[in-house]
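Novice: Handing you a structure now.
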Amino acid sequence: MDVNKIRITNLKRIISENYNNSIHRFAKEIGRHSSQFYNLFRGDRSFGQKLARDLELALKLAPLTLDKSPDEKTIMDKIALIKQYNTNTSIDTNLAKMSTDIFAIEKAIIETHGWQIDKLHGFIMDGESMSPTIPHNSKVLIDTSQTKIDDGKIYTLSKNNEIFIKRVFRKVNGKGYVAKSDNGQDETIYFGADKDINVIGRVLCLLNKML
């Protein structure tokens, strides 16, 4: 659809929704002759740049509103803003730290994986314990609905006043879990099924990279 047709479609919608589909009433309220718009809709004149911008000004619309295709989505239509994980505990500076800003991710990714948006939270990795998988200062997305351990996946864990991001494995004997760092250097953490360590949620992705 060319811009001339897009502008006409948008203006017709505005007249229909806000002026009871009356071209005469619309023209009168913005101080123009109705014949101008009858000619426009019949195709006897083009819907030029100056007219479009003047009408947006008269209608108190944002610039280029009339140029936007009805099927076109803005950036804000395409992304979801994910809040930081809320906790009252203090964070060890060598572990994971809460994001101080909003985490943005494409809605299409959330829909594709069937994630629940109200269960998603953002973190920023602090330290190199999960490098190279999750480098220092990387933003990660966690799903707090996924607290059941899937062997070998990465989870956000908490104990006392500390929050960890670790890769978690079941113990060979099936009793308890082992939380390891990907860098192979940091301390390995052992915990049992009695919840001496709390599983906050599974780490889903690093930016748009699935983990």
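Any read-out appearing in this document is the output of simple, stated calculations on the displayed coordinates, not a laboratory observation. Bear in mind that the values here come from a model prediction, so they are computed numbers and not experimental data. Cβ coordinates were reconstructed from backbone atoms using ideal geometry, including for glycine residues, and neighbour counts include every protein chain displayed.
Novice: Residues in the range 50-72, backbone N under 20 Å from the label point at residue 36 (7 Å along the Cα-to-beta-carbon vector): list them, ranges by number please.
Specialist: 50-68
Novice: Now a separate question. Please find the FRET efficiency linking residue 162 to residue 83, where r is the Cβ-Cβ separation and R0 is fixed at 30 Å, and quote it to the nearest 0.05. Could the numbers behind the result be given before it?
Specialist: Working: r = 21 Å, r/R0 = 0.71.
It comes to 0.90.
Novice: Could you work out how far helix 49-58 tilts from the main Cα principal axis of the chain, as a 0 to 90 degree angle to the nearest 10?
Specialist: Its long axis makes an angle of about 80 degrees.
Novice: Here's a follow-up. Apply the a/c threshold of 1.5 to the C-alpha gyration tensor of the chain and tell me whether it is rounded, prolate or oblate.
Specialist: prolate
Novice: Mind sorting 11, 51, 81, 59 by how few other Cβ atoms lie within 10 Å of their own Cβ, fewest first?
Specialist: Ordered from fewest to most neighbouring Cβ atoms within 10 Å, 11, 51, 81, 59 come out as 81, 59, 51, 11.
Novice: Let me ask something else. Can you spot the aspartates and glutamates whose alpha carbon is less than 17 Å from residue 60's alpha carbon? Ignore those fewer than 8 places along the same chain.
Specialist: 17, 29
Novice: Further question on the same structure: Find the relative contact order for the range 3-67 and round it to a whole percent, using C-alpha pairs within less than 8 Å whose residues are 6+ positions apart.
Specialist: Dividing the mean separation by the residue count of the range 3-67 yields 34 percent.
Novice: So what's the back-of-envelope 222 nm ellipticity for the chain, counting only DSSP H runs of four-plus at -39500 (n - 2.57) apiece and dividing by all residues, rounded to 500?
Specialist: -7000 deg cm²/dmol
Novice: Provide the descending list of Cα extents for the range 3-67 along its principal axes, expressed in whole angstroms.
Specialist: Principal-axis extents of the range 3-67 (Cα, largest first): 26, 23, 19 Å.
Novice: Tell me the angle of helix 3-18 to the major Cα principal axis of the chain, expressed in degrees between 0 and 90 and rounded to the nearest ten.
Specialist: Roughly 90 degrees between the two axes.
Novice: Neighbour counts of other C-beta atoms within 10 Å: give me 54, 143 arranged from fewest to most. It would help to have the intermediate numbers written out before the result.
Specialist: Details: 54 13, 143 20.
Neighbour counts put them in this order, fewest first: 54, 143.
Novice: Amide H neighbours of residue 176 under 5 Å, counting only residues 5+ apart in sequence or on other chains, H built in-plane at 1.01 Å?
Specialist: Correct list: 171, 193.
Novice: Taking 0.36 nm per residue of separation and subtracting the Cα-Cα distance, what length does fully extending residue 4 through residue 207 add?
Specialist: Working: separation 203, 0.36 × 203 = 73.08 nm, distance 3.87 nm.
Extra length available between residue 4 and residue 207 comes to 69.2 nm.
Novice: I want to make sure I understand the PRE zone here: with the label point 7 angstrom from the Cα of residue 107 toward its beta carbon, which residues in the range 116-144 have backbone N atoms less than 14 Å away?
Specialist: Residues passing the 14 Å test: 117-118.
Novice: Looking only at the chain, where both bridge partners belong to it, what percent of the DSSP beta bridges are antiparallel (to the nearest 5)? Before the final figure, lay out each step's value.
Specialist: Values: 35 of 36 bridges.
Just about 95 percent of them are antiparallel.
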